[in-house]
Amino acid sequence: MLQAGEWAYTEKLKEHFMSPKNIMQGENTDEFDGVGMEGNLQCGDQMMVVIKVDKESEVITDCQWKTYGCASAIASTSILSEMVKGMTLDQAFHISPKEVAKELGGLPENKIHCSVLGDKALRAAINDYYVRNGMEDKVKQEQVKTICQCMNITDHDIEDAVLEGARTYFELQERTKLGTVCGQCKPEAEALLEKFKHIHFGA
């Protein structure tokens with residue numbers, strides 16, 4: 001169901017939402033070389049990305065996907081699946097949500113977090129390809145660092161909070177409960193807040 005104001009989007013985004021490209025048909029993933037899943041249905045957003053790879057050149061020849069997500073998740077993954085065809089696995093692994101949003105002509109700030117599902121699932125599919133082909137040494141694990149020991153909040157939790165709208169330390173606390181016990185993590189949390197604001201929004 002479209003919400004009021006949902007169409008405060010670019011024409012390109014609307015096009016990819018109304019006519020998304022490369023949607024996977026059926027459930028069978030056997031013909032694909034890499035499969036990645038991200039998110040969970042309890043939260044409402046789940047994404048699966050599957051890829052075919054030319055083994056000689058390590059170039060992605062096909063990228064398909066399916067999601068139970070919002071308009072922004074659908075449109076951003078649709079355009080991502082077009083962008084990565086013809087890229088090497090390494091190039092595709094390093095595509096950022098900001099590049100995807102730029103290709104769409106921009107996303108409303110409160111929807112940027114939706115665009116992250118697709119590229120996380122793509123990275124999982126690329127890592128899956130490496131594992132299947134005995135190249136575990138190429139698997140890139142996203143390192144997680146615990147910032148707030150008291151509440152067990154990681155740098156990934158802080159990044160997610162920024163993507164979902166946190167712009168101040170107070171808003172970060174509201175979303176994560178970070179720093180509400182001993183407060184020792186405040187300097188590091190504030191530095192990460194500024195870092196992620198700059199990475200994703202240029203702020």
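Things worth noting here:
- A single member of Thr180, Thr168 is of a type in the set (Ser, Thr, Tyr) and modelled with pLDDT of 90 or more, and it is Thr168.
- In this structure, Cys185 does not qualify as at pLDDT below 85, open to solvent by less than 50 Å² (accessible area, probe 1.4 Å), at negative phi and touching a strand residue (DSSP E or B) at 6+ places or on another chain (Cβ under 8 Å).
- Among (1) out of contact with any Cys (no Cβ under 9 Å at 6 or more places or on another chain); (2) modelled with pLDDT of 85 or more; (3) buried (at least 24 other Cβ atoms within 10 Å of the Cβ) - the single one Lys66 does not satisfy: (3)
- Count of residues meeting criterion [hydrophobic (A, V, I, L, M, F, W, C), in contact with a strand residue (DSSP E or B) (Cβ under 7 Å, 6 or more places away or on another chain) and either exposed (fewer than 15 other Cβ atoms within 10 Å of the Cβ) or in contact (Cβ under 8 Å) with a residue 60 or more places away in the chain (or both)] in segment 142-170: 1
- Scanning segment 25-52 for residues that are among the acidic types (Asp, Glu) and modelled with pLDDT of 90 or more, we see that the one that is least open to solvent (accessible area, probe 1.4 Å) is Asp33.
- Failed item in (1) at pLDDT 90 or above; (2) within 15 Å of the chain's Cα centre (by Cα); (3) of a type in the set (Ser, Thr, Tyr), with Ser96 passing the rest: (1)
- Residue check for Phe170: within 21 Å of Lys102 (Cβ to Cβ) and part of a helix (DSSP H, G or I): no
- Contact annotation: residue pairs with Cβ atoms under 7 Å, 6 or more positions apart or on different chains, pairing a residue in segment 171-182 that is within 10 Å of Asp157 (Cα to Cα) and open to solvent by less than 80 Å² (accessible area, probe 1.4 Å) with a partner that is assigned to a helix (DSSP H, G or I) and of a type outside the set (Val, Ile, Thr), are Leu172/Ala161; Leu172/Ala189; Leu172/Leu193; Thr176/Asp157; Thr176/Ala161; Leu178/Leu172; Leu178/Ala189.
- Reported count of residues in segment 58-97, each being out of contact with any Leu (no Cβ under 9 Å at 6 or more places or on another chain), on the phi < 0 side of the Ramachandran plot and assigned to a loop (DSSP other than H, G, I, E, B), is 5.
- Enumeration of residues in segment 69-89 that are open to solvent by 20 Å² or more (accessible area, probe 1.4 Å) and modelled with pLDDT of 95 or more: Glu82, Met83, Lys85, Gly86, Met87, Thr88
- Just one residue in the set Val131, Val139, Val59, Val53 is farther than 19 Å from Asp160 by Cα, in contact (Cβ under 8 Å) with a residue 60 or more places away in the chain and of a type outside the set (Gly, Ala, Ser); that residue is Val53.
- Evaluation of Val49 against (1) in contact with a Cys (Cβ under 8 Å, 6 or more places away or on another chain); (2) over 25 Å from Ile199 (Cβ atoms); (3) in a strand (DSSP E or B) (one fails), failing number: (2)
- When residues of segment 136-152 are limited to those that are within 19 Å of the chain's Cα centre (by Cα) and at pLDDT 85 or above, the one nearest to His198 (Cα to Cα): Lys145
- Residue in segment 137-147 that is farther than 25 Å from Lys21 by Cβ and part of a helix (DSSP H, G or I) present: yes
- Every condition in (1) within 15 Å of the chain's Cα centre (by Cα); (2) open to solvent by 70 Å² or more (accessible area, probe 1.4 Å) holds for Asp119 except the one numbered (2).
The values are calculated or read from the model by the stated rules, or taken from the named source; none is laboratory data. What you see is a predicted model, and the numbers here were worked out from it, not measured in a lab. For neighbour counting, all protein chains shown are included, and Cβ atoms are generated from backbone atoms with ideal geometry for every residue, glycine included. Side chains are part of the model used for accessible areas, which takes the heavy atoms of the whole protein and leaves out ligands, DNA and RNA. Shrake-Rupley method; radii C 1.70, N 1.55, O 1.52, S 1.80 Å.
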